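The values are calculated or read from the model by the stated rules, or taken from the named source; none is laboratory data. Only a predicted model underlies this, so the values are computations on that prediction, with no experimental measurement involved. Here Cβ is always computed from backbone atoms with ideal geometry, including for glycine, and neighbour counts include all displayed protein chains. Accessible surface is based on the protein model in full, side chains and every heavy atom, while ligands, DNA and RNA are left aside. Shrake-Rupley method; radii C 1.70, N 1.55, O 1.52, S 1.80 Å.
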Amino acid sequence: MTIAAIIVAAGRGTRMGEGLPKQWRDLGGQPVLAHSLRAFAGLRRILVIHPEDRARAAALGIAGVELVEGGATRDASVRAALAYLEGSDVTAVLIHDGARPLVSAACIARVVAALDQFSGAAPALAVTDALWTGGAGLVTGTRDRSGLYRAQTPQGFRFPEILAAHRAHPGGAADDVEVARAAGLDVAIVEGEEENIKLTFPGDFARALRHLQGRMDIRLGNGYDVHAFTEGDHVWLCGVKIPHTAGLLGHSDADVALHALADAIYGALAEGDIGRHFPPSEPEWRGKASAHFLRHAVDLAAARGYRIGNVDVTIIAERPRVGPHVAAMQAVLAPILGIAADRISVKATTSEKLGFVGREEGIEAFASALLIAG
Ligand code: MG
């Protein structure tokens with residue numbers, strides 16, 4: 001099954017009052033949509049936007065997101081995305097409200113799993129509150145809540161079926177399940193989540209923020225590297241060129257500290273090391289600035305929904321002295337890592353003349369990196 005996530009975000013959110021449409025408003029330091037998109041990291045992601053929101057979408061800075069302009073109604077927006085995917089290798093789609101930023105990976109996985117058996121699947125919660133009818137401030141009756149569900153998204157469908165269902169539908173459906181059912185498709189109910197709320201009213205933002213702050217998904221990685229000295233007149237350490245009486249031997253620029261740091265980030269993602277992503281057998285990487293590897297590791301983290309919390313690098317060398325260059329190293333690393341210099345530690349030590357470092361045969365480096373989701 002090749003799955004694409006369609007994030008529907010073309011609405012103007014009139015119930016939220018004046019100002020920015022709700023999906024573009026800030027939630028914990030980022031637009032709501034940044035959270036919604038990250039929830040589907042690893043899948044092909046189609047973001048359906050209002051034509052006026054192109055610049056906002058570009059400013060999200062989430063790599064690999066494809067933009068499609070939506071229509072005047074939700075149906076029309078979904079149809080535009082489905083038409084965009086027609087003829088691709090996509091076999092199933094997950095259609096998600098852009099204003100549901102807290103959907104979990106587990107919820108998405110339940111929808112996907114159900115598509116093995118059914119043409120459609122969607123999360124929902126059984127109604128547990130008593131249901132009333134009311135008028136003029138008074139309760140006018142009660143309703144039986146048995147068999148009633150509160151529908152959520154993502155609503156998942158096999159692609160050809162939902163494309164045909166949308167094309168056959170006259171319009172005006174509340175959601176894609178309604179469209180699917182009108183075409184006779186079976187839609188399985190999978191377990192929804194209380195926190196998978198749709199931001200609708202201003203108070204929903206405070207609630208969503210509390211959920212967000214209650215989540216703690218952090219990942220720790222470490223990296224280690226050694227490079228031997230060879231003839232030369234400088235070494236590269238943490239992206240800074242330092243004059244020395246020798247150089248470091250290596251395929252790239254032999255920046256042992258940057259290699260350890262990139263490996264720490266790959267490690268936190270359980271993504272192996274630099275060698276896996278940039279095989280030394282490929283001549284393309286000869287003499288390459290190691291910042292390229294670090295950038296790749298940071299981009300991979302971002303694609304998985306993680307940002308860098310802090311890093312700590314230790315360089316072990318008898319010579320050259322590293323201390324005077326630490327501020328320059330922080331200045332090089334900060335924009336690549338996307339964090340401030342006070343979250344970037346570069347320490348140096350000698351090995352007290354012991355071992356290969358002590359004999360000045362090479363330099364070694366250790367690094368740790370903390371990755372934070374969201
Ligand atoms: Mg190396």
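Of note:
- The calculated FRET efficiency for residue 148 paired with residue 117, based on their beta-carbon distance and R0 = 25 Å, is about 0.60.
- Coil-residue GluC sites (Glu not before Pro) of the stretch 228-336, DSSP, other Cβ within 10 Å capped at 14: 231
- Take the Kirkwood radius over Cα pairs of the chain, plug it into Stokes-Einstein at 10 °C and 1.306 mPa s, and you get 67 µm²/s for translational diffusion.
- Solvent-accessible area assigned to carbon and sulfur over the stretch 3-214 amounts to 53 percent, based on a 1.4 Å probe.
- Given in Å, the Rg to one decimal and the Dmax to the nearest whole number for the Cα atoms of the stretch 186-288 are 23.1, 73.
- Using the Cβ-Cβ distance between residue 58 and residue 209 with R0 set to 30 Å, the FRET efficiency from 1/(1 + (r/R0)^6) comes to roughly 0.75.
- With all pairs of separate Cα atoms included, the stretch 21-68 yields a Kirkwood hydrodynamic radius of 11.0 Å.
- Relative contact order for the chain, counting Cα pairs under 8 Å that sit 6 or more residues apart, in percent: 15 percent
- Other-chain or far-sequence residues with amide H under 5 Å of residue 235's (modelled H): 242, 244
- Accessible area (Å², 1.4 Å probe, nearest 10) - residue 84: 100 Å²
- Cβ charges +1 (Lys, Arg) and -1 (Asp, Glu), total dipole of the stretch 138-196, debye: 280 debye
- Partners of residue 241 within straight-line reach, counting lysines whose Cα lies under 26 Å from its Cα and excluding those fewer than 8 residues away in the same chain: 288, 347, 353.
- Nonlocal amide H pairs with residue 27, under 5 Å, H built at 1.01 Å: 32
- Relative contact order of the stretch 1-151, defined on C-alpha pairs under 8 angstrom at six or more residues apart (%): 26 percent
- Where both bridge residues fall in the chain, DSSP classifies roughly 60% of the beta bridges as antiparallel.
- For the stretch 157-169, Karplus couplings with θ = phi - 60° (6.51, -1.76, 1.60), whole Hz, Gly/Pro x: 8, 5, 4, x, 5, 6, 4, 5, 4, 5, 5, 8, 7
- Rg over Rh for the stretch 218-373 works out to 0.95, both radii taken from alpha-carbon positions and Rh defined as the Kirkwood radius.
- Solvent-accessible area per residue, Å², over the chain with all protein chains present [probe radius 1.4 Å]: 48 Å²
- Modelled spin labels at residue 2 and residue 228, positioned 7 Å past Cα toward Cβ, are 4.6 nm from each other.
- Three-way shape call for the stretch 87-142 based on the alpha-carbon gyration tensor, with the a/c threshold at 1.5: prolate
- DSSP beta bridges in the stretch 3-214 [antiparallel fraction, %, rounded to 5]: 40 percent
- ³J(HN,Hα), Karplus 6.51/-1.76/1.60, whole Hz, each residue of the stretch 322-333, x for Gly, Pro: 9, x, x, 9, 4, 4, 5, 5, 4, 5, 6, 6
- Computed FRET value (nearest 0.05) for residue 245 with residue 104, which takes r as the C-beta separation and R₀ as 56 Å: 0.50
- Our summary gives the stretch 215-287 a relative contact order of 33 percent, counting only alpha carbon pairs under 8 angstrom and 6 or more residues apart.
- Of all accessible heavy-atom area on the stretch 218-373, the percent that carbon and sulfur account for (1.4 Å): 54 percent
- Sparse packing (at most 14 other Cβ atoms within 10 Å of the Cβ) combined with a DSSP loop state is found for the following trypsin sites (Lys or Arg not before Pro) in the stretch 300-361: 321, 353, 359.
- For the stretch 28-122: rounded, prolate or oblate by the Cα gyration tensor [a/c cutoff 1.5]: oblate
- Estimated translational D of the stretch 98-172 in µm²/s (Stokes, Kirkwood radius over Cα pairs; 4 °C; 1.567 mPa s): 85 µm²/s
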